[in-house]
1. Kindly rank 88-97, 15-24 from highest to lowest mean number of other beta carbons found within 10 Å of each residue.
2. Just want the answer: with Cβ charges of +1 for Lys and Arg and -1 for Asp and Glu, which residue in LEU11, VAL66, ILE31 is farthest toward the dipole's positive end in the stretch 1-66?
3. Spelling out what I want: for every residue of the stretch 90-97, take phi, set θ = phi - 60°, compute 6.51 cos²θ - 1.76 cosθ + 1.60 (Karplus), and round to whole Hz; glycine and proline get x.
4. Order of GLU9, GLU32 from fewest to most other C-beta atoms within 10 Å?
5. Over 22 Å between Cα atoms: which of LYS3/LYS106; LYS72/LYS115; LYS81/LYS105 fall into that group?
6. Read phi for every residue in the stretch 37-46 and hand back ³J(HN,Hα) as whole Hz from Karplus 6.51 cos²θ - 1.76 cosθ + 1.60, θ = phi - 60°, with x for Gly and Pro.
7. What is the order of LYS114, LYS51, fewest Cβ neighbours within 10 Å to most?
8. With θ taken as phi - 60° and the coefficients 6.51, -1.76 and 1.60, list the Karplus ³J(HN,Hα) couplings across the stretch 24-36 in order, rounded to whole Hz; mark glycine and proline as x.
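Just so you know, all these numbers are worked out from the coordinates, no wet-lab data involved. Bear in mind the structure is a predicted one, so any value in this text is a computation, not a measurement. All Cβ positions, glycine included, derive from the backbone under ideal geometry; neighbour counts span all protein chains shown.
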Amino acid sequence: MAKFDHLKETLYNFYKNNSHLGRKAIYDRFIELDAPKRTLNRWLIKLLQNKTLDRKKGSGRIAKKVTPTVKKAIKRMFNHKSGRSQKKSANSFNMHQTYVSKILKKYSNIRAYKKYKKPLMTQLQKSQLRPKCRKIHFTFNSHNNASYIKNF
């Protein structure tokens, strides 16, 4: 249930019973109930034009059905493979990347993971390094005097 469904239902019933009051009176009445102004205006305009607050059926995106062969091809494309782009795959099948993601999530157990680079040193290796060794080396090496670098 949406955030303002109860308020929306109340407004619809009030408008149905008291449409003779006019828009301004109804608006003022619901502003006193702390209704959001922009939402209330949008609902009142919709009530005046359509006489209802219900969504018009068929006004959404056209549903694009994917055939089982396309689903299999997408699963085959990503199964045990790395470096495959969902966006490029979607373009090859003339669909959106989010739809490819939904197909993989809903019809297979394939999950997308972000590849991370392996760190150059482990925590143990970092702790074994001599502290500030590099800084000392570059400080004394800049003098071109080998007597400072004997122990390195």
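1. Values: 88-97: 14.0, 15-24: 11.7.
The peptides rank, most packed first, as 88-97, 15-24.
2. It is VAL66.
3. Each residue's phi maps through the Karplus curve to give 4, 5, 5, 9, 6, 9, 8, 4 Hz.
4. Exposure proxy ranking, most exposed first: GLU32, GLU9.
5. Checking Cα-Cα distances, LYS3/LYS106; LYS72/LYS115 exceed 22 Å.
6. In residue order, the calculated couplings are 4, 5, 5, 4, 4, 4, 5, 5, 4, 5 Hz.
7. Values: LYS114 4, LYS51 12.
The fewest-first ordering by Cβ neighbours comes to LYS114, LYS51.
8. Per residue, the Karplus-derived 3J(HN,Hα) values read 5, 5, 5, 4, 4, 4, 7, 5, 5, 8, 6, 7, x Hz.
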